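Enquirer: Mind looking over this structure? Questions follow.
The values are calculated or read from the model by the stated rules, or taken from the named source; none is laboratory data. All figures in this text were calculated on a predicted structure; none of them were measured in a lab. Virtual Cβ from ideal backbone geometry, glycine too; neighbours counted across all protein chains shown.
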Amino acid sequence: MAQARKVIVTCAITGSIHTPSMSPHLPVTPQQIADEAVAAAEAGAAIVHLHARDPETGRPDQSPEAFARFLPLIRQRSKVVINITTGGAPGMTVEERLRPAKVFAPELASLNMGSMNFGLYPMLERYRDFRFDWERRHLEATRDMVFRNTFADIEKILDTCRGNGTRFEFECYDIGHLYNLAHMLDRRLVEPPLFIQSVFGILGGIGTHPEDVLHMKRTADRLFGDAYRWSVLGAGRNQMPIAAMAVAMGGHVRVGLEDSLWSGPGRLATSNAEQVRKVRQIIEGLGLELATPEEARAMLGLKGGDRVNF
């Protein structure tokens, strides 16, 4: 009997998009982030994608010191693959964004593959009252902001992390980002297997129509053939519909409170693990199986959890 295909589930635990006033379940403190990461792994996530926050205000914090408060806690309690962001928050410099991955040499780091408008300001129409002054400013600033990821920025992150054996989750928010990645592959600055995370539903990037999902997949197939592993994330209410499409098309998935605060129409997710369990039902309902952390490491060519600096 043929073995069931294994699907890698990534869980993005907190991110830098949503603010504490939007959900009481958004993890902010180091202990909350660690607990949520471990619970997501226990629910079936093979990879956790991590940002840090100020524990008092919930503001995104890209300092290595902030990451040091929870990375060892997760590693002590779980064999999950740890993926550290180099995206940080849209207003940060590339030097700020790069520091945690440079210091901790994780198995995986995210890498945004192009500059873009990154519009969060429409959230101001849905959320009126904020607990902290920075929240409104954070959202409004994206009306007149370019999330900078130039070729030089991308090269800097690649050059810095490659010596540590860190591999990348290439975050592609639009078709041009796939071509940017193909350019880096042509120059041999990256090597297969490429782990491509297609992002749908961020204002400034590609949309969430099924044709958009198909367009991303067809383009990646044409550019990279069998040299890549394809994963998707859908923002907000598009999270599960796009996950279901991708799994049916042979892909992997990402869920988590970074990407969506919701569990269903009008229902806040109470944890990251809740979203992992929900996407697990979709995967297993299609007769497929979740990849373990070790299986994900083999599929993505990772160096192993014993070769990180935390």
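Enquirer: Looking at region 6-33 only, could you name the residues that are touching a Phe, Trp or Tyr at 6+ places or on another chain (Cβ under 6 Å), surrounded by fewer than 24 Cβ atoms within 10 Å (Cβ to Cβ) and closer than 24 Å to GLU65 by Cβ?
Expert: PRO30
Enquirer: Would you confirm, using the coordinates I've provided, whether GLU36 is crowded, with 24+ Cβ neighbours inside 10 Å, of a type in the set (Asp, Glu), more than 25 Å from GLY301 (Cβ to Cβ) and at pLDDT 95 or above?
Expert: Answer is yes for this residue.
Enquirer: Turning to a different aspect of this structure: Could you grab me the full set of residues in region 74-131 that are acidic (Asp, Glu) and either under 20 Å from ILE196 (Cα atoms) or in contact (Cβ under 8 Å) with a residue 40 or more places away in the chain (or both)?
Expert: GLU107, ASP129
Enquirer: What number of residues within region 169-208 satisfy the criterion of being out of contact with any His (no Cβ under 8 Å at 6 or more places or on another chain), assigned to a loop (DSSP other than H, G, I, E, B) and not hydroxyl-bearing (Ser, Thr, Tyr)?
Expert: Residues that pass the stated criteria total 12.
Enquirer: Hey, among the residues in region 219-249 that are within 14 Å of ALA182 (Cβ to Cβ) and of a type outside the set (A, V, I, L, M, F, W, C), which one's surrounded by the most Cβ atoms within 10 Å (Cβ to Cβ)?
Expert: Result: TYR228.
Enquirer: Scan region 254-302 for residues that are more than 24 Å from MET22 (Cα to Cα) and of a type in the set (A, V, I, L, M, F, W, C) and jot them down.
Expert: Answer for region 254-302, where residues must be more than 24 Å from MET22 (Cα to Cα) and of a type in the set (A, V, I, L, M, F, W, C): ILE282, ILE283, LEU286, LEU288, LEU290, ALA291, ALA296, ALA298, MET299, LEU300, LEU302.
Enquirer: Further question on the same structure: Within region 230-263, track down each residue that is part of a helix (DSSP H, G or I) and either in contact with a Lys or Arg (Cβ under 6 Å, 6 or more places away or on another chain) or farther than 10 Å from VAL7 by Cα (or both).
Expert: Scanning region 230-263 gives GLY236, ARG237, ASN238, GLN239, MET240, PRO241, ILE242, ALA243, ALA244, MET245, ALA246, ALA248.
Enquirer: For residues in region 264-278 being within 17 Å of the chain's Cα centre (by Cα) and among the hydrophobic types (A, V, I, L, M, F, W, C), which is nearest to VAL7 (Cα to Cα)?
Expert: The extreme case among them is VAL276.
Enquirer: Is it the case that some residue within region 273-291 is part of a loop (DSSP other than H, G, I, E, B), of a type in the set (S, T, N, Q) and crowded, with 17+ Cβ neighbours inside 10 Å?
Expert: no
Enquirer: Given the structure, is MET92 modelled with pLDDT under 95 and outside any helix (DSSP H, G or I)?
Expert: no
Enquirer: With the requirement that a residue be part of a loop (DSSP other than H, G, I, E, B) and at pLDDT 95 or above, what does region 134-163 give you?
Expert: MET145, ARG148, ASN149, THR150
Enquirer: State yes or no: is PRO64 surrounded by fewer than 24 Cβ atoms within 10 Å (Cβ to Cβ) and touching a helix residue (DSSP H, G or I) at 6+ places or on another chain (Cβ under 6 Å)?
Expert: yes
Enquirer: Looking at PRO210, PRO193, which one is of a type outside the set (Phe, Trp, Tyr), touching a helix residue (DSSP H, G or I) at 6+ places or on another chain (Cβ under 7 Å) and under 25 Å from ALA105 (Cα atoms)?
Expert: PRO193
Enquirer: Could I ask something else about it? Hey, ASP226 hits all of (1) of a type in the set (D, E, K, R); (2) assigned to a loop (DSSP other than H, G, I, E, B); (3) in contact (Cβ under 8 Å) with a residue 60 or more places away in the chain but one; which does it fall short on?
Expert: Among (1) of a type in the set (D, E, K, R); (2) assigned to a loop (DSSP other than H, G, I, E, B); (3) in contact (Cβ under 8 Å) with a residue 60 or more places away in the chain, ASP226 violates only (3).
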